[in-house]
Each structure stands twice: as C-alpha cells, then as structure tokens.
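Undergrad: The structure follows.
The values are calculated or read from the model by the stated rules, or taken from the named source; none is laboratory data. Remember, it's a predicted structure, so these values are computed and weren't measured experimentally. Here Cβ is always computed from backbone atoms with ideal geometry, including for glycine, and neighbour counts include all displayed protein chains. These accessible areas exclude ligands, DNA and RNA; they are computed on the full protein's heavy atoms, side chains included. Shrake-Rupley method; radii C 1.70, N 1.55, O 1.52, S 1.80 Å.
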Amino acid sequence: MRHGDRALVIHPAFKTGPRAQYSGGRTPDTRLEEACGLARAIDLNVVAAEVVRINDPKPNTLMGMGNVERITALIEAEKVGLVVFDAALTPVQQRNLETEWKVKVIDRTGLILEIFGERARTREGQMQVELAALSYQRSRLVRSWTHLERQRGGFGFIGGPGESQIEMDRRLIDERIVRIKKDLEDVKRTRALHRQARKRVPYPVVALVGYTNAGKSTLFNRLTKASVMAADLLFATLDPTMRRVHLASGREIILSDTVGFISDLPTELVAAFRATLEEVLEADVILHVRDVAHPETDGQKADVEAVLAGLGLGHEVTDTMFEVLNKTDLLDDAARDALMAQSARDPRLRPISALTGDGIDALLAAVDARLSAQRVVETYRLGHEEGAAMAWLYSHGEVLNRTDDEEQTEITVRLAPEDVQRFERQRNVRDGNAKSNGGGR
C-alpha cells in the first residue's frame with residue numbers, strides 16, 4: 001500500500017448555523033460513515049475517521065487550533081497522506097489546513113468530483129465531469145503535490161506528478177469551459193433528436209432515479225438482462241444507460257438508468273449533468289428506487305426529491321411517480337410485514353427485491369397499467385390530402401391499426417390525452433381555414 005492511499009476522513013458537526021441541521025433525522029455518525037464510503041469508492045485506505053464538533057467555525061481553518069493540533073498528531077501517528085473533509089472548504093481553509101498538516105486536503109466536493117472523474121466512461125460523461133471539475137477549480141486553481149504519486153484517474157484533487165505541474169490560469173479554464181459547453185450543447189441536440197425518434201416509434205420512457213447505492217443498476221440489470229456494473233459501492237455507475245423492455249401486455253418501453261444522487265451533491269455536478277438528467281424530465285413514468293433497509297432511507301428520499309425539484313420536477317410529478325422500495329430481502333419479518341401493509345394502502349409504493357426478484361412482476365404490471373391509463377385510443381378518418389395530419393399522428397402516437405380505401409384512411413391510434421386535444425384543435429383550425437377559403441372536405 002502506498003503512502004498516499006492512507007486517508008483520514010473528518011466529518012464536521014456544526015453546533016450552530018445553516019450547516020447544523022441534518023435532513024431526515026440523520027446523525028453526524030451516519031454522515032461520517034457515508035463519507036468513508038465515498039473515500040473507499042476510489043480505493044482509498046481509510047485508516048482513521050472521526051466526527052469533529054465545531055462550535056465556532058473559523059474563517060482560516062474552519063476548526064479551532066486545538067482540533068488542528070490534535071489531528072496533526074493523529075496524521076503523524078497513522079502515517080496519513082490524505083485528509084478528506086466531509087464539508088465544503090474555502091480555498092483559504094483548504095490551503096491553511098494543508099500547510100498545518102503537511103498533507104493533501106480535499107473537501108466533499110473535490111472527493112465526489114474525483115469519483116466522477118474516475119468512473120465516467122462515455123465521452124459525454126467525461127465532458128460533463130470535466131466541466132464540473134473546471135468550474136470547481138476556477139476558484140482555487142490546481143496545485144501540484146510532488147510528494148504524492150499519481151495512482152488513479154480523476155481530476156487531480158487527490159493526485160500528484162501525473163496531473164498539472166503548473167497552475168492553470170482562469171483564462172485557460174474559461175476557454176476550456178466554453179469549448180466543453182459548446183460540445184455538450186451538441187450532445188443535447190443529439191439527445192433531443194433521439195427522443196423525437198423514440199416518439200415516432202413510439203416507446204414510453206421509464207426512468208430510474210434514486211440515491212446512490214439504492215440498487216438502481218441491479219434493478220436495471222434484472223429488468224433488461226443487461227450487465228451494467230452493479231456493486232455495493234457508492235456511485236458504482238455514472239453514465240446513463242437505456243435499454244428496451246417488453247412488458248407482459250406486449251407493450252415495449254425504454255428503461256433509462258441515471259446517475260445516483262447524494263446529499264449535498266455539488267452544484268457544479270447538478271449543472272453539468274443536466275443534459276443527462278433531461279431524460280428524467282422527458283420520462284413518461286419515474287421510478288424512485290429507495291433502499292428501505294438503510295437506516296436513513298427517509299433522508300435519502302428527501303435528498304432525491306430536492307434534486308428533482310431543482311431540475312424543475314414539481315410535486316405534480318413526484319406525487320405521481322412510483323416509489324420502488326428495494327432491498328426488502330434485508331428486512332426482518334416484522335419490518336417487511338409493516339412495509340407490505342403500508343404498500344397495500346398506497347398503490348404508489350412498490351416493495352421489491354431487485355436481487356431476488358420478489359415484487360418485480362407486480363412492479364412491471366403497475367407501470368403497464370399507469371402507461372395505459374395515461375393514453376387513450378382514438379379512431380380518425382382522414383382524407384388522402386391530409387398527409388400532414390397523418391404524419392403528426394405517427395410522430396406523436398402509437399398507431400394500432402390503419403385501413404386505406406380510395407377515398408380516405410381510417411387510423412386507430414393511442415395518444416396522450418393532451419395530444420388528442422392538440423390534434424383535434426389543429427384539425428378544427430385547418431377545417432375552418434379550408435371553409436373560409438371556399439374549400440371544404
């Protein structure tokens with residue numbers, strides 16, 4: 001094990017101020033445990049971890065000098081080469097702590113960006129993470145640490161000689177940010193074209209969202225028979241994946257797996273991954289996958305809903321999406337019985353085990369029923385001159401039957417209720433225009 005791999009994880013527990021509150025009944029100890037999981041997600045060897053109580057945050061070092069000196073001794077005793085601070089640090093605080101401790105210090109944002117930088121596989125994912133990393137670096141500029149050796153991918157918040165040996169100035173960072181944003185706009189346009197193509201088929205889109213490590217990828221693999229990486233690891237998968245799934249009714253859907261969410265997700269990442277998360281905005285059905293065996297499942301739910309709200313998904317969406325209560329196989333009998341009783345009273349709750357397959361068929365049946373309820377079947381008779389109207393039905397609906405004769409075409413199509421209204425309104429306008437021009441059918 002190399003010296004640079006030995007990490008100390010610190011979670012600051014603030015007595016007062018906006019950071020003193022934890023959502024969902026969380027405790028500092030469970031937040032520390034999550035931070036250790038993040039560190040292990042990039043193979044850091046966590047040799048020590050502790051909660052540091054902070055009554056009066058210091059602008060220079062965040063914590064008081066007593067704690068700074070005590071941790072200095074711990075770093076020397078454990079031969080720590082990296083300190084992970086589970087909170088946001090200002091550039092001044094980060095620099096001062098590094099000077100005091102003589103080791104590299106990264107904050108929560110830097111750690112998550114490092115994980116994303118290592119895990120992104122597609123060109124789009126890599127661009128999104130680089131954009132977030134550059135936005136983060138812009139305020140603090142990367143410093144080289146020649147005594148730490150480069151061992152992994154990512155963006156140099158941990159690293160050493162393999163990354164930047166000189167500071168990037170803001171002009172170069174800004175130029176790179178502009179180029180990446182332009183490339184991501186191209187990706188966004190391509191993704192929009194793909195969505196239009198799916199609408200022409202059309203296949204309803206079902207999107208999986210959830211806290212990291214809630215079991216989304218395991219569920220995705222079971223439903224699609226795919227082999228997306230699924231592990232008991234925070235942010236095991238980053239890049240969005242889409243696969244076709246056949247439901248029992250014969251309906252085909254597109255299942256979309258998205259990046260996992262986490263509490264205090266860096267704002268740079270939310271902005272960078274917006275193009276990817278637009279798949280959620282366009283989804284016909286959203287499945288919020290929850291780890292019901294986790295002691296902080298309610299807090300994780302609140303974090304996911306906060307990110308969705310930031311994307312523009314209000315209660316009209318979150319109130320109607322399914323909550324997929326995963327990992328029921330890890331519950332004891334009493335907890336499982338209570339969950340089943342609760343689910344029986346609320347059809348939005350779907351208890352499952354993605355690992356064993358329990359509840360999967362019922363979940364798919366509920367999705368199928370929701371999609372059927374969302375669309376209505378209409379039959380229209382169109383003249384052969386109404387080619388534009390015919391094309392509109394094909395692009396916006398699911399054509400179930402079509403019969404052509406010499407005078408007209410009879411077409412039966414399944415449409416969303418709003419599309420029925422839109423089509424009939426447009427057709428009435430066209431008929432009215434034709435009559436006013438002396439035409440008619």
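Undergrad: Can you work out ³J(HN,Hα) from phi for every residue in the range 61-67, in order, using Karplus 6.51 cos²θ - 1.76 cosθ + 1.60 and θ = phi - 60°, giving whole Hz and x for Gly and Pro?
TA: Along the range 61-67, the couplings run 10, 6, 9, x, 5, x, 5 Hz.
Undergrad: Ok, one more. DSSP loop (so not H, G, I, E, B), at most 16 other Cβ within 10 Å: list which trypsin sites (Lys or Arg not before Pro) in the range 82-129 pass both filters.
TA: Details: sites: Arg95, Lys102, Lys104, Arg108, Arg119, Arg121, Arg123; in loops: Lys102, Arg121.
Qualifying residues, ordered by number: Lys102, Arg121.
Undergrad: With all protein chains present, how much of the accessible area of the range 327-371 (probe radius 1.4 Å) comes from carbon and sulfur, to the nearest whole percent? Mind showing how you got there, number by number?
TA: Details: 1350 of 2440 Å².
Within the range 327-371, the accessible surface is 55 percent carbon and sulfur.
Undergrad: Using Cα pairs closer than 8 Å and at least 6 residues apart in sequence, work out the relative contact order for the range 328-435, in percent.
TA: Values: 96 pairs, mean separation 21.2, N = 108.
Once normalised by length, the contact order is 20 percent.
Undergrad: Let me ask something else about it. Using only alpha carbons, build the gyration tensor for the range 87-131 and give me the equivalent ellipsoid semi-axes, biggest first, whole Å.
TA: Details: eigenvalues 145, 18, 11 Å².
Semi-axes from the Cα gyration tensor: 27, 10, 7 Å.
Undergrad: Given the whole protein assembly as supplied and a 1.4 Å probe, what does the accessible area of Asp303 come to in Å², nearest 10?
TA: For Asp303, the solvent-accessible surface is approximately 20 Å².
Undergrad: Still on this structure: Suppose every K and R has +1 on its Cβ and every D and E has -1 on its Cβ; what is the size of the dipole of the range 38-132 about the Cα centre, in Debye to the nearest 20? It would help to have the intermediate numbers written out before the result.
TA: Details: 12 positive and 14 negative charges, 17 e Å.
In total the dipole reaches around 80 debye.
Undergrad: Now a separate question. Taking a probe of 1.4 Å, how large is the accessible area per residue of the range 43-109, in Å²? Mind dumping the intermediate values first?
TA: Working: 2870 Å² over 67 residues.
Solvent-accessible surface per residue comes out at 43 Å².
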